[in-house]
Amino acid sequence: MTADSGDTGRGRGGRGRGDRQQQQQLLAWFDDQQRDLPWRRSRDPYSVLVSETMLQQTRAEVVAPRFIRFMTRFPDLETLAAAQPEQVLAEWSGLGYYQRARRLHAAVRQIAASGRFPQGAEQMRSLPGIGEYTAAAVASIAFGEEVAAIDGNVERVISRRLAFAGDPKLAEGRRVVREEAQRLLDRERPGDSNQALMELGATVCLPRTPRCRHCPIRSSCQGHLSGRPESFPAARRRRRLERHRWILVFCQRADGALLLERRSDEAPFLRGAWQLPTLELEGNGGDAAEREARSQRIVEAGPSALNQWLRRRFGGRWNVDGELASLRHAITYRQIEARLVAATASGRIAGESLDWFQLEEIAALQRSSLLDKALERALDEVSDGARETRRYGTDRGPVAAARR
DNA sequence: CTCCTGTGCA
DNA sequence: TGCACAGGAG
C-alpha cells in the first residue's frame, strides 16, 4: 500500500517519489555491477536457503566453491532431506559452525515432511536455524515477498544513509533501519532490492573506507553529505553495564584488627580477592543464602534484619551501628554501588574464608581497589577527629602507602 | 534483551 | 589470548 498518489512526503512506512528514484538507481547499479556468484543463478527456495545459511558465517568468495559442491551433492530438497546427518556434516566440513548445518538439515527435513516449502517469511521463522534475516532473504528472493532482509551490511548501509546516531542493534535502531530498508524495496523486485543493498554494503559501503564515489544512492545519503560516512553506524555501545548493589560491612575489633572475607574462586569476578564482608543485594553473585536474602528483601526491612542476616551468614552476634558512606566502583562493564556500614560483632565468627587482619597485614593480601577505597573512607569516617586521623591517616596509612 | 557459537583478527 | 562478528535461540 503506498505510493505515488501525488504526495511527495514520506509518511511513516509510505513511499515518496524520492524513494522510487533511489530504488531504481540502486537496482540499475545492481543489474550492472553485481558480482557473478553461483547462487544468483537460481531462485529456487532450497538453493537460496542453502546459500543464505552458508553466507551467514563465511565470506562469499569462500562460500562460492563450497556452495557448488554442496548443490552437486544435494541438488534438491528431497535429496538433502534423505541424507544422513553425517553425510551432510561431511560435506559441510571446513566451513565450521556445524550446528548451522544440522539445523539446515533439520529444517529441510521438516519441509520435506510437510510436502511443501513454506511460502512466506512468517512461516519460515518457525523452522530451526531460520531467523528473521534468513526468512526475509529467502521469502523475498524466492517468492517475491516484499520484506526487507537486514543483515550486517544492510544495517551499516542504512545507518549511514540516515546518519543515524544511535545503535542499530538496539530496539529503536532496528526499527529505524527496518523502516528505511523497507522503503528502498522495489515492489516488483524485492529480492533484487534486498540483494542490491547487501551487495552495496559488501563492495562499496565498506565498514572502514566507504567508496562513496561508486555509490548509486550517495546523493540522498546523509552520511555521505555529512562528510564523515565512516563514522556510521555509531560505535556500538560496549557490553551493557551490569549494576550491582552491595553492602560492605566495616567491622573493627578493639585491638584494631579488621574482619575481611575472601571471595570465592568461583565468583564471577574478583575471584579470590579479599574484601570487607559483603552482602550482594543485586548482581549475579552470592551463594544460595544470599540469593534468598535478596528475595526476601531483608535489607529493606531495616537494620535488625541486617543484623540477623549477618548472624546467619557469619555466625556470632551483630549490631549494625550506622552507615558510614556510599561509594561507587567500576570494574570494566560492572558498576558497583556500595553502601558502607559500620558494625560490631561478638561471639564466634565462623567461616574459613573469613579472618581478622591488622591494618599493616592488609597490604600484602590480594584485594580489589574497592577494598582500598572502602577502607580509606571508613577509616576517615570512623576516626572523626584529629587524633584518630593521625593514627590511621588516610594518606600515610598502611593501606594507602602500600598501594603506591 | 542476553547468551551462544566458532572464527578471524589485533 | 581476548575480543568482535553475525546470525539464531531461549
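Okay, here's what the table says:
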| quantity | calculated |
| --- | --- |
| Residue match in segment A:83-99 (condition: surrounded by 13 or more Cβ atoms within 10 Å (Cβ to Cβ) and within 10 Å of DNA strand C (Cβ to nearest atom)) | yes |
| Subset of segment A:143-166 (residues that are within 17 Å of A:Arg189 (Cα to Cα) and either within 16 Å of DNA strand B (Cβ to nearest atom) or outside any helix (DSSP H, G or I) (or both)) | A:Gly144, A:Glu145, A:Glu146, A:Val147, A:Ala148, A:Ala149, A:Ile150 |
| Meets criteria (small (Gly, Ala, Ser), at pLDDT below 95 and not in a loop (DSSP other than H, G, I, E, B)) for A:Ala202 | yes |
| Qualifying position, being over 25 Å from A:Gly120 (Cα atoms), out of contact with any Cys (no Cβ under 6 Å at 6 or more places or on another chain) and at pLDDT 95 or above, among A:Ala28, A:Ala64, A:Ala90, A:Ala82 | A:Ala28 |
| Verdict on A:Arg297 being over 16 Å from A:Leu248 (Cα atoms), modelled with pLDDT under 75, part of a helix (DSSP H, G or I) and not aromatic (Phe, Trp, Tyr) | no |
| Test result for A:Gln87, closer than 30 Å to A:Thr203 by Cα, within 35 Å of the chain's Cα centre (by Cα), of a type outside the set (Lys, Arg) and not in a loop (DSSP other than H, G, I, E, B) | no |
| Hits in segment A:87-108 (condition: over 13 Å from A:Leu49 (Cα atoms) and more than 16 Å from DNA strand B (Cβ to nearest atom)) | A:Gln87 |
| Residues satisfying the stated conditions in segment A:100-137, i.e. more than 8 Å from DNA strand C (Cβ to nearest atom), part of a loop (DSSP other than H, G, I, E, B) and not charged (D, E, K, R) | A:Gly115, A:Phe117, A:Pro118, A:Gln119, A:Gly120, A:Ser126 |
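The values are calculated or read from the model by the stated rules, or taken from the named source; none is laboratory data. Computed from a predicted model, the values in this text were never measured in an experiment. Glycine also receives a Cβ, built like all others from the backbone with ideal geometry; neighbour counts cover every protein chain displayed.
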